[in-house]
Structures are given as structure tokens and as C-alpha cells.
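Read the structure below first, then the notes.
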Amino acid sequence: MIRIAIVDDEKNVLKYISDKIMEILEKFKYEAKIELYTNGNDVIEADRTQSFDILFLDLEMPEPDGMQTAEIIRDNNINAIIAIVTNCSDLVYKTLKYDISAFIRKNCFDVEIEEELHRLYNKAKNRCAKYFLKTENGEKPFVPSEIIYIESNNHNVYLHNESGDKIKIFYTLEKLSGILSDEMFVRCHSGIIVNCYYIFSINSDTIELTNKECITLSRSRKKEVKNKFQKFMRSM
């Protein structure tokens, strides 16, 4: 279940935004719970108790305003997907450092919200999903966003995560290709599946990852990897 918070100090606007979002969620049978807030302090406190997956923030509110709220939320909830709903386009650039995923204009909300909600919901679903994989220590849950890449080496398969662990799992890469998100993961070599989220650059025969590690890229798979990576980045 995706948790969504909507924050706006004007109650009539808050109701309008929430009604429209609920209408789209019901239309596409998306599973989500919406919570409404009229100030930044309340949503910050709620997020500390149980992190939100998606937040729609108004910029112009009494302190903490939307920008201050986004900063505090980001410090406590690195995986939060934050969307700004505003007519103050001149303030938008100031929010970029808080890793904002969408900017929706209030005066164009009806036109823009459906496409953005599709994108944000799928992004949240990928971040929140868990894969239960068999390891040497039994079946363990893995969050997709924490998996950097998976490699097959001498008939053994290892999962590399963002904590620097190398975990032996009991699957073939073919089997994993059917389990892992097709939007997030791509086979870059006969023996490697990489998470697009951790790709820093694609070179002639290697991929540099965000942790500075380099992995092998097959020339025959280069086009597919580039296309998948570009599509993934557009969805961010």
C-alpha cells in the first residue's frame, strides 16, 4: 500500500487536490492511502512515525513553508518522492536541491496530475517493493532500490547491495530476469544484471556505477542498456 500525503494550508484547495488524486487512484485501481495536512509541522511529525512514499507539497504556507518542509522531510526520509504543487514558478529552482520529482501547476492541475501521478506511483511502487530471495542464510527480503547489481561468477550468483555486501543467492540470471522489475533492471552482460538507478555512465565496453565501480558491458547489449537507462531516467 502506497502512503500519500497532501499538504496545503487552504482547506478548499486541499480538498480539491485530494478529490482529484483519489479519482485517478480509483480509476486505475491503484492501492494507496491518502492523508491530508494543513501545515508542515504535522506532516513532518507523521513522516517520522511512518514514512510517506509520495508527498504533494504546497510551497506557500506559514512556516515551515513547503520548501522548509521538503528539506526536513528529505533529511529524515531519503526515499520520499516529493512533488511540488504551486503557481510560484519563480521559486521552483530553489527546491531542486531537495530532489523534487515533479512540479505541478495549480492552475493546470487537472491537465497535469494524471500523467504525473502515474509516474510517481510507479516510482514509489518500485522503491517500496521487496523481493524475497533465497540466500545461504535462508530467504531474505531485498528492496529493489538497494540492489546495485547481480553477477554470475563460476556458477555462483552474487547480489551486490548499496551497503557493500556481496550476498550469494540461489537463482540463475535467467530466473532473476523474470523476477526483477523490467523498468529498473537490465542485463548488461551474459553474467550481470544492473540496476539503472546506480548507472553513472555508459562507456564502450564498461558501465561506471555511482559508487565508482566498473562492470562489464557487452557490445551486443549496449543499445538495449542505453535505451532502458534513458527510459528509466525519464521516469524519475
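Data table
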read-out	value
Pairwise label distance in nanometres, ARG48 with PHE170, each label 7 Å out on the Cα-Cβ vector	4.4 nm
Listed residue pairs exceeding 30 Å between alpha carbons, taken from LYS140/LYS223; LYS168/LYS212; LYS130/LYS231; LYS27/LYS222; LYS130/LYS226	LYS140/LYS223; LYS27/LYS222
Cα-Cα separations in region 18-138 greater than 21 Å, expressed as whole percent	41 percent
Computed FRET value (nearest 0.05) for PHE200 with TYR131, which takes r as the C-beta separation and R₀ as 30 Å	0.80
Taking the convex hull of Cα positions in region 1-77, its mean projected area over all directions (nm²)	4.6 nm²
Percent of Cα-Cα distances greater than 25 Å, calculated over region 77-222	41 percent
Net charge contributed by nearby residues that have their C-beta within less than 11 Å of MET184 (K/R +1, D/E -1)	+3
Under-5 Å amide H pairs with ASN87, H placed in peptide plane, nonlocal only	LYS106
Net charge, GLU114 excluded, C-beta distance under 13 Å - Lys, Arg +1, Asp, Glu -1	-3
Calculated FRET efficiency for the pair GLN230/MET22, C-beta based, R₀ 35 Å, to 0.05	0.60
Extension gain from GLU31 to CYS214, taking 0.36 nm per residue of separation minus the Cα-Cα distance	62.1 nm
Residues HIS155 and ASN122, FRET efficiency given R0 of 30 Å [Cβ-Cβ distance, rounded to 0.05]	0.30
Rg ratio (alpha-carbon, reference 2.2 N^0.38 Å) - region 114-170	1.38
Cα-centre dipole for region 81-192 with unit charges at Cβ (Lys and Arg positive, Asp and Glu negative), debye to 20	240 debye
With 5 Å bins from 0: P(r) over region 33-94, alpha-carbon pairs, percent	4, 19, 33, 27, 13, 4, 0
For LEU159, net neighbour charge (Lys/Arg +1, Asp/Glu -1) across residues whose Cβ lies under 12 Å away	-1
Computed Rg/Rh of region 158-236, alpha carbon atoms with Kirkwood Rh	0.93
Cβ-placed point charges (K, R +1; D, E -1), dipole of the chain about Cα centre in debye, nearest 20	1320 debye
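Readers should treat all values here as calculations from the given coordinates under stated rules, not as data from a laboratory. None of these values were measured; they are calculated from a predicted model. Reconstructed Cβ throughout: ideal geometry from the backbone, glycine too, with neighbour counts over all protein chains shown.
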